[in-house]
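Please read the structure below before turning to the comments.
The values are calculated or read from the model by the stated rules, or taken from the named source; none is laboratory data. Computed from a prediction, not measured in an experiment: that's the story for all the values here. We place every Cβ from the backbone using ideal geometry, glycine too, and count neighbours over all the protein chains shown.
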Amino acid sequence: MKTGGDQRIAFHIEQQHRDDRHFFAKRMFQSYYRMSDKLQMPVTSLAIFTGNITPIDIYTASCYGTEVNFRYNVFHVASADIKKLEGDERIFALVVLAARRMLDSGENPADRGKYSLELLNLTRGRGYDTERARSVQKFIYRILRIRDEKIDPKVREVWRMQLIPIDEAVREIQIRDAKEEMAIEVARSMLAEGLSTEVIKRCTGLDDRSILSLG
């Protein structure tokens, strides 16, 4: 703790991009309750909103005299201060900045390429060790979709020629994406055949939400 003492607590963190805020608030409450009941220790909750949506920080419910008012912490990427993030030495700040830049660029590949180089330079200037730097760069590469064919070839060349190569990371991302796309196609075919969600989960490794979204 900032006071110098120690306290053991659990962190419950959820990320939300789509605008189904009220369902999300209920999920926050349900997850918090399950964690608190299972761990039997103090739990604090944080909702990270990554889309251009208005965040909600409370879940309320009532039923014949019984009321629930559950408020949780919120971090809204779209409202984050860019200058503060650029000057923040913590890795989390770079991750948030990358997500914020993706929102700023929308579907414009030129902007995504420009922002990726800015983030790459920030990463180089932080003095991270190789493993940490590559982890951050891998995230930036993925979130800003530098593998997109519409990205300026010069930008992609800079990424290939940087001091800390990410060729291996790029291959890992491509392999993972290919596996995910294959699993989705298999799940779509299995749904068309009328197979149950449980069977599809076991065969593809996809979660309930991913499978339901295909319907």
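Here are some notes:
- Search result, residues across segment 70-109 that are surrounded by fewer than 18 Cβ atoms within 10 Å (Cβ to Cβ) and under 19 Å from LYS138 (Cβ atoms): ARG90, ILE91, PHE92, ALA93
- LYS2, sole failed condition from (1) modelled with pLDDT of 90 or more; (2) loosely packed, with under 12 Cβ neighbours inside 10 Å: (1)
- Hits in segment 178-202 - residues which are of a type in the set (Asp, Glu) and in a loop (DSSP other than H, G, I, E, B): GLU193
- Qualifying residue in segment 154-177 (condition: at pLDDT 85 or above and either in a helix (DSSP H, G or I) or within 24 Å of the chain's Cα centre (by Cα) (or both)): yes
- Residues (surrounded by fewer than 10 Cβ atoms within 10 Å (Cβ to Cβ) and free of Cβ contacts under 8 Å to residues at least 12 places away in the same chain) located in segment 5-20: GLY5, ASP6
- Qualifying residue in segment 65-73 (condition: under 24 Å from HIS22 (Cβ atoms), touching a strand residue (DSSP E or B) at 6+ places or on another chain (Cβ under 9 Å) and of a type in the set (Phe, Trp, Tyr)): yes
- All of (1) in contact (Cβ under 8 Å) with a residue 24 or more places away in the chain; (2) surrounded by fewer than 16 Cβ atoms within 10 Å (Cβ to Cβ); (3) of a type in the set (Phe, Trp, Tyr) hold for PHE23 with one exception: (1).
- Residue within segment 25-35 that is in contact with a Ser or Thr (Cβ under 7 Å, 6 or more places away or on another chain) and closer than 24 Å to VAL96 by Cα present: yes
- In segment 26-45, the qualifying residues are those that are more than 17 Å from ALA61 (Cβ to Cβ) and of a type in the set (A, V, I, L, M), and the one that is surrounded by the most Cβ atoms within 10 Å (Cβ to Cβ) is VAL43.
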